[in-house]
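Here is the structure we will look at.
The values are calculated or read from the model by the stated rules, or taken from the named source; none is laboratory data. Predicted model, so just to flag it, every value in this text is computed and none were measured. Here the Cβ positions follow ideal geometry from the backbone for every residue, glycine too, while neighbour counts run over all protein chains shown.
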Amino acid sequence: MLGLTKKDLQLMLIVTGLTMLAPFILNPFPESSGMAQFNAGYPDLMQRFVIFGIFAIGFNLLFGLTGYLSFGHAAFLGVGSYGAIWMMKLVSLNVIPAIFMGVIVAGIFSVAVGYICLRRSGIYFSILTLAIAQMSYALAYSVLTPITGGETGLQIKSTDRPLLSNLAEGETGRANLFGMDMRQSFELSIGDWLFTFNVGYYIAAVVMLIAFYVSIRIFRSPFGLMLRAIKSNQTRMSYTGLNPRPHTLAAFVISGMYAGLAGGLLVAMDTQVGPERMFWTASGEVVLMTILGGVGTLIGPVLGAGVIKYMENILSKINKDVLHEWFAFMPDGLEDFIVFLVYPFIGKGWHLTLGILFMLVVIFLPGGLVEGGQRIGKWIKNRRTAKDTGASTEPAE
Amino acid sequence: MEAIILQILNGLDKGSAYALIALGLTLIFGTLGVVNFAHGALFMIGAFCAVTFSRILTLSHTIIDETQTDFLGNPLKVDVPYLYDLFGQATGDAIIDWAVPLSILFTVPVMMFVGYAMERGLIKHFYNRPHADQILVTFGLAIVLQEVIKYFYGANPIPTPAPQAFAGSLDFGALLGFDPNLIIYPYWRIIYFVFSAVIIGAVFAFLQYTTFGMVVRAGMADRETVGLLGINIDKRFTIMFGLAAAVAGLAGVMYTPINSPNYHMGMDFLVLSFVVVVVGGMGSLPGAVLAGFLLGILESFASMREVLEILPGLNQIIIYLVAIIILLTRPRGLMGRKGVMED
């Protein structure tokens, strides 16, 4: 079905199910319980999960398939965001043209950047992309202020009169999809649980599913095979009479367009942009997401994006008092000691946890969390078969 | 004319920092073939060594001074550094004043150890893995180091002044016969430049004129053959890693009076230093130094008012722009060798 093999279709269906039911899955704890702070089912965070999922899927198409490590991918996200917000400010408050604009602008930009950067490979490519991204950031921050709004960035203001909208005098425009406000939510409370279904989230989720589907198709296509050939041996590829350059450029542009799509969606959700979105730490973040989840796998990047955004929003909220509450059952001295040990890794120190986790993954699990999952699965399977065979070869005495 | 001299001078101190970090990066790359994204973190740790050292120097105990009273008439509590007890007040004050230069003595062994531990503990296991993995693991390490420093020292910059003797500025223009006050240049920046020139010279001399350096250079050229000659090249390369870490640390220590250290200074410099290394040519030590000074001076020229009027924002992007142009026209960088990192 849909041109997918049975296994891919299963994966696609699982991902569809998970994203559609995310408001339930991410809110497993009742509102009044102490664990409620681990609930991630609020619209803002769920939107970030899927949007950065798209960003990471796109990055993975480049790094996972061709092996070109771009350290400046956030530039495309930023450029896409700027394109989208101008579309909203000038033409229409509907999110669809804005998102398209984001994709197109990022696509054009990535053609230019890719044309320059792909002349080199390896570390040189990483540095070139990093340099271009930093340059875009510096320009957006300073000289291009008339277009980018400089340090303050761009927001939709009450003075903006988009062409295709009929706003009342002084009314601030809001992002919508044919009249549906992005911030509109439907809340469902069952017993002590509260589930939020947000319009913006579901739009972003549908876009992510499409993006995910396209990425599966690319992975399984002859084109995807070509990209893998670039990763494994470029020289051999050119000896067989194939020019790697156009393929790499195509992958780079597709990947840039994914970033632009994510940027456009970000704007559609919160209607603001700032240059910090293009800073190189943002580029580093998408690298972390992809590696953490599992580079070169289909589901890995989405998983990594989820883990990092969850940590950023949930782990960073835990403070010392919460810790003391958790370990209250221990004797006082021990409690203080444990809190003292754990405290550096949570709250403001969540970056430390992230860094350590990332290093552990790079060192021990080059395939990321996905490989970890596979290894555990294999181990359980092996144990089971070992037990079975062990039972059958037992000598009858 | 005086404007040009001023810009060259301004570029020198930043260029010195770039050159020192790039030199260390190139040493590591040339010897071990590892792309070290944690090198900026080493620079930062060096700077925080200076902070730590001055804190150690000012460790105090509280005594009650009967001769002074606070506004309530009670005897005043005064913090007295232990140094006063050891050396007397005048000498103690002088030592505290000279904390930054003195912390060099403290930094070198610490950084040598940090570098040694890093190479033995982590990077050793990455020689046979792809460059991308090396970049990623050192990037992760840089995040961890940065966060550890942030945990212990806080997120705010910590002012670390230079000794009083170097607090002022030199009227450099007057020396050359220009009008006074046209070209003034802080003493500490002169010191920084001289210091980095000395360090760079020392590293080159070490590699050029000692047997150890000769072996290391031979190892950089052909590691396998040197190994076949019965020389334990890995051990020497580990020492070189420690040396590179010490160079980065020293660059950091001396930079503290120019820019108060904060936990993300390493990353800020790292991005630029990588550009410097690539412009200079991967694996070329003279290239790294040359490109460091060149880009530092170019950057300061680009921030002249006259230039900014014609091309606004040039100072922000000049380094990256130069890097892109050089990489596209001279793919090996200014002085890069053939066959290095050309996969």
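Suppose we filter B:Thr138, B:Thr160, B:Thr225 for residues that are part of a helix (DSSP H, G or I) and surrounded by 15 or more Cβ atoms within 10 Å (Cβ to Cβ); which single one remains?
Testing whether each residue is part of a helix (DSSP H, G or I) and surrounded by 15 or more Cβ atoms within 10 Å (Cβ to Cβ) leaves just B:Thr138.
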Quick one: is B:Leu272 under 25 Å from B:Met220 (Cβ atoms), modelled with pLDDT under 85 and among the aliphatic types (A, V, I, L, M)? yes
One residue is enough: does the stretch B:270-285 have a residue meeting the conditions away from chain A (no Cβ under 14 Å), crowded, with 16+ Cβ neighbours inside 10 Å and in a helix (DSSP H, G or I)? yes
Residues of the stretch A:155-175 satisfying the condition of being over 12 Å from A:Ala98 (Cβ atoms) and within 27 Å of the chain's Cα centre (by Cα): A:Gln155, A:Arg174
Being modelled with pLDDT under 90, in contact with a helix residue (DSSP H, G or I) (Cβ under 8 Å, 6 or more places away or on another chain) and not β-branched (Val, Ile, Thr) narrows it down to one of B:Asp65, B:Asp97, B:Asp70, B:Asp79, so name that one. B:Asp97
Do we find that B:Leu105 is under 22 Å from the mean Cα position of the chain (by Cα) and facing chain A (nearest Cβ under 8 Å) in this structure? no
Quick one: would you say B:Gly173 is farther than 21 Å from B:Phe269 by Cβ, assigned to a helix (DSSP H, G or I) and either within 14 Å of chain A (Cβ to nearest Cβ) or within 16 Å of the chain's Cα centre (by Cα) (or both)? no
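Could you check how many residues of the stretch B:196-209 are free of Cβ contacts under 8 Å to residues at least 60 places away in the same chain and among the hydrophobic types (A, V, I, L, M, F, W, C)? Talk me through it step by step, then tell me what you get.
Applying the first criterion (free of Cβ contacts under 8 Å to residues at least 60 places away in the same chain) to the stretch B:196-209 yields B:198, B:201-202, B:205-206, B:208-209.
Pick out the ones that are also among the hydrophobic types (A, V, I, L, M, F, W, C) and you get B:198, B:202, B:205-206.
Total satisfying the criteria: 4.
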Quick one: would you say B:Tyr255 is within 12 Å of chain A (Cβ to nearest Cβ), of a type in the set (Phe, Trp, Tyr) and over 15 Å from B:Ala38 (Cα atoms)? no
Among residues of the stretch A:176-229, those that are among the charged types (D, E, K, R) and within 26 Å of A:Ile99 (Cα to Cα), counted: 3
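Scanning the stretch A:314-326 for residues that are within 14 Å of chain B (Cβ to nearest Cβ) and not charged (D, E, K, R), which turns out surrounded by the fewest Cβ atoms within 10 Å (Cβ to Cβ)?
Step by step, filter the stretch A:314-326, then rank; the result is A:Ser316.
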Would you please list the contacts, defined by Cβ atoms under 7 Å and residues six or more apart or on different chains, that run from a residue in the stretch A:36-47 that is within 11 Å of A:Ala22 (Cβ to Cβ) to a residue that is surrounded by fewer than 18 Cβ atoms within 10 Å (Cβ to Cβ) and aliphatic (A, V, I, L, M)? A:Ala40/A:Ile314
From the set of residues in the stretch A:335-380 that are touching a helix residue (DSSP H, G or I) at 6+ places or on another chain (Cβ under 7 Å) and among the small types (Gly, Ala, Ser), which is nearest to the other protein chains (Cβ to nearest Cβ)? A:Gly355
Within the stretch B:174-185, tally of residues that are touching a residue at least 24 places away in the same chain (Cβ under 8 Å) and in contact with a helix residue (DSSP H, G or I) (Cβ under 6 Å, 6 or more places away or on another chain): 4
Return yes or no: is B:Ala221 within 20 Å of the chain's Cα centre (by Cα) and free of Cβ contacts under 8 Å to residues at least 12 places away in the same chain? no
Unmet requirement for A:Leu298, which otherwise passes all of (1) more than 14 Å from chain B (Cβ to nearest Cβ); (2) out of contact with any Ser or Thr (no Cβ under 8 Å at 6 or more places or on another chain); (3) farther than 24 Å from B:Leu122 by Cβ: (2)
For the condition surrounded by 17 or more Cβ atoms within 10 Å (Cβ to Cβ) and farther than 30 Å from A:Val295 by Cβ, what is the one hit in B:Phe172, B:Phe113, B:Phe126? B:Phe172
Residue within the stretch B:286-303 that is part of a loop (DSSP other than H, G, I, E, B) and either away from chain A (no Cβ under 12 Å) or touching a strand residue (DSSP E or B) at 6+ places or on another chain (Cβ under 9 Å) (or both) present: no
Of all the residues that make up the stretch B:66-93, how many are part of a helix (DSSP H, G or I) and loosely packed, with under 15 Cβ neighbours inside 10 Å? 7
Can you name every residue in the stretch B:141-157 that is surrounded by 15 or more Cβ atoms within 10 Å (Cβ to Cβ) and facing chain A (nearest Cβ under 9 Å)? B:Leu141, B:Ala142, B:Ile143, B:Val144, B:Leu145, B:Gln146, B:Glu147, B:Val148, B:Lys150, B:Tyr151
Out of (1) within 20 Å of A:Ile108 (Cα to Cα); (2) out of contact with any Lys or Arg (no Cβ under 6 Å at 6 or more places or on another chain), the one A:Leu26 does not meet is (1)
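Just to be sure I understand, how many residues within the stretch A:265-293 are of a type in the set (Gly, Ala, Ser), surrounded by 24 or more Cβ atoms within 10 Å (Cβ to Cβ) and within 13 Å of chain B (Cβ to nearest Cβ)? Full working, then the answer.
Filtering the stretch A:265-293 for residues of a type in the set (Gly, Ala, Ser) gives A:268, A:274, A:282-284, A:293.
After this cut, where a residue has to be surrounded by 24 or more Cβ atoms within 10 Å (Cβ to Cβ) as well, the list is A:268, A:283, A:293.
Among the residues that remain, those that are also within 13 Å of chain B (Cβ to nearest Cβ) are: A:283.
Qualifying residue count for the region: 1.
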Filtering the stretch B:116-133 down to residues that are in a helix (DSSP H, G or I) and more than 9 Å from chain A (Cβ to nearest Cβ), which residue is farthest from B:Ile95 (Cα to Cα)? B:Lys124
Go through the stretch A:88-128 and count every residue that is polar (S, T, N, Q), under 22 Å from the mean Cα position of the chain (by Cα) and away from chain B (no Cβ under 14 Å). 1
Of (1) of a type outside the set (Val, Ile, Thr); (2) touching a His at 6+ places or on another chain (Cβ under 9 Å); (3) more than 20 Å from A:Trp280 (Cα to Cα), B:Phe274 fails just (3)
Which condition from (1) under 30 Å from B:Asp234 (Cβ atoms); (2) surrounded by fewer than 19 Cβ atoms within 10 Å (Cβ to Cβ) is the one that B:Ile8 breaks? (1)
For A:Phe329, work out the one condition from (1) away from chain B (no Cβ under 14 Å); (2) at pLDDT 85 or above it doesn't fulfil. (2)
Taking into account only those residues within the stretch A:129-159 that are free of Cβ contacts under 8 Å to residues at least 40 places away in the same chain, assigned to a helix (DSSP H, G or I) and not small (Gly, Ala, Ser), which is farthest from the other protein chains (Cβ to nearest Cβ)? A:Pro146
Please go through the stretch B:308-336 and give me each residue that is within 9 Å of another protein chain (Cβ to nearest Cβ), among the hydrophobic types (A, V, I, L, M, F, W, C) and closer than 24 Å to A:Ile123 by Cβ, ordered by number. B:Ile317, B:Ile319, B:Leu321, B:Ala323, B:Ile324, B:Leu327, B:Leu328
